[in-house]
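The values are calculated or read from the model by the stated rules, or taken from the named source; none is laboratory data. Just so we're clear, the structure is a prediction, and the values are computed from it rather than from any experiment. A quick note on method: Cβ atoms are made from the backbone with ideal geometry, for glycine too, and the neighbour counts reach across all protein chains shown.
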Amino acid sequence: MSDHDTDDQIEDLPLDALPLDAWHRGRGARMVPFAGYEMPIQYEGIVAEHNWTRENAGLFDVSHMGQLLLSGPDCDAAVEAVLPIDLSTLKLGQQRYSLLLDEDGGVLDDLMISRWPDALYLVVNGATKWDDIGTLREALPDDITLNHLDEHALLALQGPKAADALARHVPGVEALTFMKFGKFKLAGHDVTIARAGYTGEDGFEISLPAAPAAEVADLLCAEPEVKPIGLGARDSLRLEAGLPLYGHDMSPETSPIEAGLVFGINKRRRTEGGFHGADRIIREINEGTARKWVGLCIEGRLPAREGAEVFSGSDRIGTVTSGGFSPTLGAPIAMAYVASQYAATGTALEVEVRGKRLAATVSPTPFVPHRYFRGS
C-alpha cells in the first residue's frame, strides 16, 4: 500500500495526463499506459533508479491514486460496515492499511485510511478508484459525504535520505514516525504528509493541490539526495519489500487470508465480524486456506514472471503472481500462490520459465528488510 495498482484493462479509452505530465517529459521520462494514465516508467534506467532509491532518495509521482474524504454522521460505524477495520483504535494523525472486500470476502482493493480532524482520508489504487468510489457510494448511507480529491497530486519521497531532504523545506517533518501524518507548509502551500510508502524504505507521501505540484517537485529534486524515479523501479522495490500489488497478487478471486493479509483485518473484527465477507474471513482465520501466498528465491539469472507455473515434482501446485530480477540481491525473486502443504519456508520447488524448470525455494518476505522509521 499499499500502495498497490493493476495495469489498465480498458486499452481503448483515452489516457488521462498526470498533473506533472509535462514535468516528466521535460526530464526525459519514458511514458507508458498504466491505470488509465500515461505514467513515467523510467528516466535513466530502472536498475540505476532502484539503486539510487535504496541508497539516497527518489521522488515518485503517484497522483494516479485515488484520494477520497469520507465524512458525516456516524461515519466510523458506516465505514466499519464496509471495511474490516477497528476505527476506535485509529487515532488522529494515524494511518492504517485496510481492505475493500466484496460480499464473498474477495479483495476489491487494498487501501490506506487516515483519521483527519473531521473526516476519514482514503488512498485507493489508481486502476480501481472509480470502481471503489461506486462500491463505497452504494454501500455507505446517503448522509455520508464522499469527496474525491481529483484536483490533488500525490508525491512519494522514498529512501534513507528522504527525511534529510524533506526536513530542509518542512521543519518538524522528521518527527513523524511510520504510519503517522501531519499538516504542514511546503513552499508556502498547505500539504498533508504521511511517513509511509511502497518501497520498504523510509519515506513520505505528500498530498497537495495539483497546481503547485511541479514547483514542489522541482524544489525536492534540487536537493542533492533526490532524483525522479519511475514506475519500473517502484515495482522492483516493492517486490523486494514483499508488498502485494493489487490486480496481480490479489483480486476478487483471492481472500486476504490466503494472501497473508490477516493484519488488514483488525483484532476486534476477527471475532465480531459485521463487514463484507466476514463469514468467509473468520472461517479461514480459524480453519486455514487451501493455498497461501509465499516468496520464492529462484536459482540462476532468469526471472519468473506473473503466470509462471510452480511445481513440486510432476505436480503443478501454484502460480507466480509477481516476479522479477532483484537488483539488490542480484538474483531472481518471485511471489506465488502455492498449495498450503508446500508453503513452509525452505520448501524446494520448481518454476517453469520458457519451457525450463528452475529450482526455487520458499522464502520469507520481505526479501530485503524494511527500513521504516518507527522512532529512535
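Please specify each residue of the range 282-298 satisfying the condition of being loosely packed, with under 14 Cβ neighbours inside 10 Å and touching a residue at least 24 places away in the same chain (Cβ under 8 Å).
Scanning the range 282-298 gives Gly288, Ala290.
Can you find a residue in the range 244-256 that is more than 25 Å from Pro327 (Cβ to Cβ) and in contact with a helix residue (DSSP H, G or I) (Cβ under 7 Å, 6 or more places away or on another chain)? Write out each step before concluding.
Applying the first criterion (more than 25 Å from Pro327 (Cβ to Cβ)) to the range 244-256 yields 251-256.
Next cut, in contact with a helix residue (DSSP H, G or I) (Cβ under 7 Å, 6 or more places away or on another chain) only: 255-256.
Yes, the conditions are met somewhere in the range 244-256.
So that you can scan it fast, the table gives a plain yes or no per residue for (1) of a type in the set (A, V, I, L, M); (2) buried (at least 20 other Cβ atoms within 10 Å of the Cβ):
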{"residue": "Leu239", "(1), (2)": "yes, yes"}
{"residue": "Leu243", "(1), (2)": "yes, yes"}
{"residue": "Pro256", "(1), (2)": "no, yes"}
{"residue": "Phe263", "(1), (2)": "no, no"}
{"residue": "Lys267", "(1), (2)": "no, no"}
{"residue": "Glu272", "(1), (2)": "no, no"}
{"residue": "Arg280", "(1), (2)": "no, no"}
{"residue": "Gly300", "(1), (2)": "no, no"}
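If you go through the range 78-92 one residue at a time, do you hit one that is surrounded by fewer than 23 Cβ atoms within 10 Å (Cβ to Cβ), among the polar types (S, T, N, Q) and within 24 Å of Ile206 (Cβ to Cβ)?
For the range 78-92, residues surrounded by fewer than 23 Cβ atoms within 10 Å (Cβ to Cβ), among the polar types (S, T, N, Q) and within 24 Å of Ile206 (Cβ to Cβ): absent.
So for the range 211-219 (the condition being at pLDDT 95 or above and under 23 Å from His370 (Cβ atoms)), does at least one residue qualify? Write out each step before concluding.
First pass over the range 211-219, keeping only residues at pLDDT 95 or above: 211-219.
Going one step further and asking which of them are under 23 Å from His370 (Cβ atoms), we end up with none.
Scanning the range 211-219, I find no residue that is at pLDDT 95 or above and under 23 Å from His370 (Cβ atoms), so the answer is no.
How many residues, within the range 121-145, are surrounded by 17 or more Cβ atoms within 10 Å (Cβ to Cβ) and not β-branched (Val, Ile, Thr)? Can you show your working first?
We begin by selecting, within the range 121-145, every residue surrounded by 17 or more Cβ atoms within 10 Å (Cβ to Cβ); these are 121-129, 132, 135-136, 140, 144.
With not β-branched (Val, Ile, Thr) added as a condition, the list becomes 121-122, 125-127, 129, 132, 136, 140.
Matching residues across the range 121-145 total 9.
Looking at (1) out of contact with any Leu (no Cβ under 8 Å at 6 or more places or on another chain); (2) in contact (Cβ under 8 Å) with a residue 40 or more places away in the chain; (3) of a type in the set (Asp, Glu), which one does Asp61 not meet, given that it meets all the others?
Condition (1) is where Asp61 drops out.
Would you confirm whether any residue within the range 122-138 is out of contact with any strand residue (DSSP E or B) (no Cβ under 6 Å at 6 or more places or on another chain), touching a residue at least 12 places away in the same chain (Cβ under 8 Å), not in a helix (DSSP H, G or I) and not aromatic (Phe, Trp, Tyr)?
Checking the range 122-138: not a single residue is out of contact with any strand residue (DSSP E or B) (no Cβ under 6 Å at 6 or more places or on another chain), touching a residue at least 12 places away in the same chain (Cβ under 8 Å), not in a helix (DSSP H, G or I) and not aromatic (Phe, Trp, Tyr).
Look at Ser88 and say whether it is outside any helix (DSSP H, G or I), modelled with pLDDT of 95 or more and small (Gly, Ala, Ser).
On the way: outside any helix (DSSP H, G or I): no; modelled with pLDDT of 95 or more: yes; small (Gly, Ala, Ser): yes.
No; evaluated as a whole, the condition is false for this residue.
Out of the residues in the range 285-325 that are over 20 Å from the mean Cα position of the chain (by Cα) and among the β-branched types (Val, Ile, Thr), which is farthest from Val353 (Cα to Cα)?
Ile285
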